[in-house]
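Here's the structure, in structure tokens; my notes come after.
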Amino acid sequence: MFEILNHILSALPQMFTLPVMLAMIVGTAVGIAVGALPGLSATMGIAVLIPLTFSMDPLPALAMMAGIYNGAMYGGSIPAILLRIPGTPAGVATVFDGYPMAQKGQGRLALRISLASSSIGSAASAVALLLLAPPLAMVALKFSPANYFWLAAFGLMTIAVLLSSNPVKGLIAACLGLLIGMIGIDPISGIERFSFDHVELLSGIDIIVLLTGLYAIPPAIDLAIRPPKLGESQRELDGRPDGFRWSSLIPVWLKASLIGIVTGIIPALGGNIAAVFAWNEQRRGDPDKEKYGKGAPEGVAAPECANNADTAATLIPALTLGIPGSGVAAVMLGALLVHGLVPGPQLFRESADITYGFMLSMLFTAVLMYFLGLVGAKGFIYILRLPSQLLAPMIMLMSVVGVYAIHNSLFEVWMMLGFGLLGYAMEKLDIPTAPTVLAVILGPMAEEALRRTLLISGGSFGALFTGAISWMMICLIALSFGIPAFRLFRKRRDASSDGSAHHGAASS
């Protein structure tokens, strides 16, 4: 621990040099802008930036990338809250309560909650990266394919909790997501599946195409058909105090930060899964579950804190073991190699100043993000004052440009529009879209982990039930089913006893 503190203290003076400070400010501002544009992502922003950093010193270059990473994760919440469009895949859970808050005239409050939660999550993740990288990386190594299968199954089981009021429609949406997730090349055998001889489908459905279609196009159609009458709900745009008790979010931030950090160190999960897990756990642990999905401040704080707590945590196995925990972490590894830094234990010995400086930049940019977000929020909120005649085509244009920019593919643009019509139909039929997105993310992960487990064990299903981690996940799945079932049973029993009491009183 003393050695870590010595390295931190030696790297700290470099953070206050002009090149590094400018790099962090510019990177954070660019990251917020990238995240706020639907279709763009932190991965894309960093990948575009890498060639521009060839002539820069390693620390300013890495500090700028840290700013983009943190800024983009927060920036994705801006269109999610104001327009019901997740700017990044990790912003999908923010839509659940962020957009209803904006509709109720609490858009400014929702943005402030998102900003504070994002900054706290990013700072917590950076502290974990600084102090806990080696021991936490060892935890990630203990996950076998069987553990990944149960982890993905647990995520899929949250669908039953999220949609306990209408499980049939929830299962329909989840099955649709599982089907979409199977499109492309079989990860084990390499055989084409559901590609229908289209080369564009061989790599599967890009998650950004799906998210943009399901979440951006339906509100644009609604705006075009039925312009909203905001009227008095715009009262908070004038900056009146809202009287919100920020202390009520402290338990939410603590729990969501832990979820985000743990999720981040497990490779292949990512901020989108962390956000959905955190939102679901917050809802499940709250006595008043009905307020979620209708504009609950806790429903904004939990996913935003978790998806930002995932950022630096994904770099823990990347820096210490060379195992990227996400797509962004993989791009970061490429940036390290470009600047002559080889990931692994030797990175902390041979290039300690740069390594710890980079980790400190993740912490500093979390603080910078808060102040830059405060300045920008005053302008973001006025998006709601744009006439719907302009807002609807603007959303459509941003969606088309963002999706086309991913692979310069018109096929993906048409696919996004198709998903938009599907999302609009699902809304009208009251079929939720969240289980579809969750199943697209977790379905392929569960399938690949299951098949790898069976291949390793020679076809024995008993391999799925070995190890403490697998049994812990199985117990969590059982609790996911058991607790809602017990509550439903108790509710029906209470209703039955009340009915019997009323019947007895009437008879007497």
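The values are calculated or read from the model by the stated rules, or taken from the named source; none is laboratory data. The structure presented is a predicted model; accordingly, all values stated were derived computationally and were not measured. Glycine also receives a Cβ, built like all others from the backbone with ideal geometry; neighbour counts cover every protein chain displayed.
Here are the numbers for the structure shown:
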| item | result |
| --- | --- |
| Unique residue being at pLDDT 85 or above and either of a type in the set (Val, Ile, Thr) or surrounded by fewer than 24 Cβ atoms within 10 Å (Cβ to Cβ) (or both) when the list is LEU111, LEU176 | LEU176 |
| Hits in region 276-323 (condition: among the hydroxyl-bearing types (Ser, Thr, Tyr), crowded, with 22+ Cβ neighbours inside 10 Å and not in a helix (DSSP H, G or I)) | THR314 |
| Test: residue in region 442-460 that is crowded, with 16+ Cβ neighbours inside 10 Å and assigned to a loop (DSSP other than H, G, I, E, B) | no |
| Which numbered condition PRO19 fails, given (1) closer than 22 Å to THR314 by Cα; (2) modelled with pLDDT of 80 or more | (1) |
| Some residue of region 230-244 being of a type in the set (Phe, Trp, Tyr) and either at pLDDT 85 or above or in a helix (DSSP H, G or I) (or both) | no |
| Selection status of ILE159, part of a loop (DSSP other than H, G, I, E, B) and either farther than 30 Å from ALA366 by Cβ or modelled with pLDDT of 80 or more (or both) | no |
| Looking only at region 70-92, and only at residues there that are hydroxyl-bearing (Ser, Thr, Tyr) and part of a helix (DSSP H, G or I), the one that is farthest from LEU438 (Cα to Cα) | TYR74 |
| Unique match (being in a helix (DSSP H, G or I), in contact with a helix residue (DSSP H, G or I) (Cβ under 8 Å, 6 or more places away or on another chain) and either modelled with pLDDT of 80 or more or of a type in the set (A, V, I, L, M) (or both)) among LEU337, LEU341, LEU363, LEU390 | LEU363 |
| Qualifying residue in region 137-145 (condition: modelled with pLDDT of 80 or more and under 30 Å from PHE96 (Cα atoms)) | no |
| Scope region 418-441; condition over 17 Å from MET182 (Cβ atoms), modelled with pLDDT of 85 or more and either exposed (fewer than 13 other Cβ atoms within 10 Å of the Cβ) or among the aromatic types (Phe, Trp, Tyr) (or both); matching residues | TYR424, ALA425, LYS428, LEU429 |
